[in-house]
Amino acid sequence: MTYRVALLLPAVLALGGALILHQPASAGAESPKITASAHLYDTYCAQCHGVQRNGKGVNTIGLSVQPRDHSDTVGMASLPRDQMIRAIKEGGAAVNKSALMPAWSSVLTDQQIEDMADYLQHVCKCGQPT
Amino acid sequence: MRLPLLFAASGAIAALTFAARPAPAEPAAATGAIADIPASCASCHALTKPETPTVERLWTRKGPDLWYAGDKFNREWLVSWLQNPAPIRPGGVMWFKHAKPGEPRDTIDTASIEKHPAVDAATATKLADALLHLKGEGLIVEGEFKPEGVNLTMGQMSFGKLRGCVSCHQDKPGQGGVSGPQLHDAGKRLKPDYVLAYTRDPQKFDHFIWMPRLTLSDPDLQRLTGYIASLGKENK
């Protein structure tokens with residue numbers, strides 16, 4: 001019996017490890033909404049906010065004001081959800097932040113922006129989506 | 001008894017045939033021009049307006065759209081570029097695919113960006129002439145940009161700090177963001193009326209493109225266009 005478990009254990013571990021390794025970085029057991037928002041983030045937001053959501057996007061080389069680090073749990077926790085939504089929809093200037101953050105309402109729907117706010121709270125691990 | 005069935009069947013066939021047709025109303029000149037463009041170009045570039053633009057299309061297309069090339073490019077530049085195609089987009093066609101995380105910031109893996117094939121002078125001229133026939137319906141208004149009285153210094157300020165175009169576009173080699181096409185030779189490359197129309201509403205050209213529509217006044221658009229149209233012209 002013990003012998004069998006000893007045999008089985010490495011196999012189970014190897015299988016688990018293989019499954020974990022096989023997942024792309026953005027995938028996982030996420031909800032379809034989170035996955036969809038992550039894809040939109042990659043398309044539109046990551047150019048400035050970074051492929052790792054850390055505010056270090058490829059475009060920051062040209063920015064006089066650095067973009068927000070969405071992985072910053074403490075910094076993001078102080079950001080009200082409605083302010084996030086307004087910044088995405090109307091641009092940084094609408095919430096007294098940098099005008100370098102443009103308004104995305106021409107590209108994203110209201111629902112996608114709501115979902116993005118949920119996604120940001122997921123990324124920063126700083127609150128439950130409401 | 002069988003007649004209604006037959007009608008229904010032929011109706012369905014007609015509907016399917018109609019649905020399978022390509023996008024309607026390509027101007028005759030454009031249709032003729034497309035026939036002059038090799039299939040190898042069309043394998044990467046959309047030569048007709050996509051019927052259903054999607055985010056996914058932007059991730060899978062291999063080259064920028066050319067269905068409005070005639071609205072966009074200056075002939076002289078196009079003929080020359082096709083013979084010596086230097087990269088226009090520092091981040092590639094879709095920047096994310098070439099981005100890699102890093103410190104102090106993410107970078108573009110330039111080695112992974114595919115190079116555009118070059119053609120000889122005769123082919124370049126023929127291709128340019130065909131491409132310049134490709135125009136969108138009402139995308140640009142000819143003569144909308146008024147070069148007289150444009151303040152280039154104000155335009156440069158708009159491009160930089162005020163409107164943040166430089167976040168994504170380079171106005172000098174190596175200076176500015178990399179997710180959008182470089183603009184340091186835009187004066188040679190692009191028609192000013194196109195620059196103005198695209199800047200005013202990028203979503204009119206592609207709803208899902210990652211350049212958002214800013215709220216810009218007409219004077220703003222004029223001075224931005226004036227600045228962009230001046231770039232790269234000093235060597236002429």
Practice task
Scan segment A:58-79 for residues that are free of Cβ contacts under 8 Å to residues at least 12 places away in the same chain and either buried (at least 18 other Cβ atoms within 10 Å of the Cβ) or over 19 Å from residue A:124 (Cβ atoms) (or both) and jot them down.
Solution key: A:58, A:61, A:62, A:79
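So which of B:61, B:57, B:89 ends up being closer than 19 Å to residue B:228 by Cβ and touching a residue at least 24 places away in the same chain (Cβ under 8 Å)? It would help to see each step written out before you state the result.
Numbers: B:61 fails: closer than 19 Å to residue B:228 by Cβ; B:57 fails: closer than 19 Å to residue B:228 by Cβ.
Exactly one of B:61, B:57, B:89 is closer than 19 Å to residue B:228 by Cβ and touching a residue at least 24 places away in the same chain (Cβ under 8 Å), namely B:89.
In segment B:167-217, how many residues are aliphatic (A, V, I, L, M) and outside any loop (DSSP other than H, G, I, E, B)? Talk me through it step by step, then tell me what you get.
Residues of segment B:167-217 that are aliphatic (A, V, I, L, M), as a first pass: B:178, B:183, B:186, B:190, B:195-197, B:209, B:211, B:214, B:216.
Keeping just the survivors that are outside any loop (DSSP other than H, G, I, E, B) gives B:186, B:190, B:195-197.
Total meeting the criteria: 5.
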Problem - Whichever residue in segment A:99-130 is more than 16 Å from the chain's Cα centre (by Cα) and surrounded by fewer than 19 Cβ atoms within 10 Å (Cβ to Cβ) and, among such residues, is modelled with the lowest pLDDT - result: A:130
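Filter segment A:39-67 down to residues that are of a type in the set (Val, Ile, Thr) and over 15 Å from residue B:170 (Cα atoms) and give me whichever is farthest from the other protein chains (Cβ to nearest Cβ). First the steps, then the outcome.
At the first step, the residues of segment A:39-67 found to be of a type in the set (Val, Ile, Thr) are A:43, A:51, A:58, A:60-61, A:65.
Filter again for over 15 Å from residue B:170 (Cα atoms), leaving A:43, A:51, A:65.
Working: A:43: 6, A:51: 5, A:65: 9 Å.
By that ranking, first place goes to A:65.
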Practice task
Examine segment B:127-143 for a residue that is over 20 Å from the mean Cα position of the chain (by Cα) and touching a residue at least 40 places away in the same chain (Cβ under 8 Å), and state whether such a residue exists.
Solution key: no
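Given the options B:152, B:82, B:127, B:132, name the one that is more than 12 Å from chain A (Cβ to nearest Cβ) and in contact with a Lys or Arg (Cβ under 7 Å, 6 or more places away or on another chain). Walk me through it before giving the result.
Values: B:152 fails: in contact with a Lys or Arg (Cβ under 7 Å, 6 or more places away or on another chain); B:82 fails: in contact with a Lys or Arg (Cβ under 7 Å, 6 or more places away or on another chain); B:127 fails: in contact with a Lys or Arg (Cβ under 7 Å, 6 or more places away or on another chain).
Among B:152, B:82, B:127, B:132, only B:132 is more than 12 Å from chain A (Cβ to nearest Cβ) and in contact with a Lys or Arg (Cβ under 7 Å, 6 or more places away or on another chain).
Among the residues of segment B:87-115, count how many are more than 16 Å from the chain's Cα centre (by Cα) and either part of a loop (DSSP other than H, G, I, E, B) or buried (at least 18 other Cβ atoms within 10 Å of the Cβ) (or both). Please lay out each step first, then the result.
First, pick out the residues of segment B:87-115 that are more than 16 Å from the chain's Cα centre (by Cα): B:96-115.
From what is left, the residues that are either part of a loop (DSSP other than H, G, I, E, B) or buried (at least 18 other Cβ atoms within 10 Å of the Cβ) (or both) are B:96, B:98-99, B:101-106, B:108-109, B:113-115.
Here the count works out to 14.
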Exercise for the section: Would you check which residues across segment A:96-130 are closer than 20 Å to residue A:71 by Cα, not in a loop (DSSP other than H, G, I, E, B) and not polar (S, T, N, Q) and list them? Expected result: A:113, A:114, A:115, A:116, A:117, A:118, A:119, A:120, A:122, A:123
Exercise for the section: Give me the pairs, please: first residue somewhere in segment B:185-209 and away from chain A (no Cβ under 14 Å), second residue anywhere and surrounded by fewer than 19 Cβ atoms within 10 Å (Cβ to Cβ) and of a type in the set (Phe, Trp, Tyr), beta-carbon distance under 6 Å, and either six or more positions apart or on two chains. Expected result: B:188/B:77; B:189/B:77
Problem - Pair list, Cβ under 8 Å, 6 or more apart: segment A:91-117 residue more than 16 Å from residue B:161 (Cα to Cα) and more than 8 Å from chain B (Cβ to nearest Cβ), other residue of a type in the set (A, V, I, L, M) and in a loop (DSSP other than H, G, I, E, B) - result: A:94/A:103; A:116/A:108
Practice task
Please find, among B:159, B:145, the residue that is of a type outside the set (Lys, Arg), buried (at least 17 other Cβ atoms within 10 Å of the Cβ) and either in contact with a Gly (Cβ under 6 Å, 6 or more places away or on another chain) or within 13 Å of chain A (Cβ to nearest Cβ) (or both).
Solution key: B:159
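Does residue B:89 meet the test of being touching an Asp or Glu at 6+ places or on another chain (Cβ under 9 Å), within 14 Å of chain A (Cβ to nearest Cβ) and of a type in the set (D, E, K, R)? Give the steps one after another, and end with the answer.
Values: touching an Asp or Glu at 6+ places or on another chain (Cβ under 9 Å): no; within 14 Å of chain A (Cβ to nearest Cβ): yes; of a type in the set (D, E, K, R): yes.
So residue B:89 fails the test.
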Exercise for the section: Within segment B:210-236, count every residue that is of a type in the set (Asp, Glu) and either buried (at least 20 other Cβ atoms within 10 Å of the Cβ) or within 14 Å of chain A (Cβ to nearest Cβ) (or both). Expected result: 1
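The values are calculated or read from the model by the stated rules, or taken from the named source; none is laboratory data. In this text, all values refer to a predicted model and were calculated from it rather than measured experimentally. Quick reminder, even Gly has a Cβ in these numbers, built from the backbone with ideal geometry, and neighbours come from all protein chains shown.
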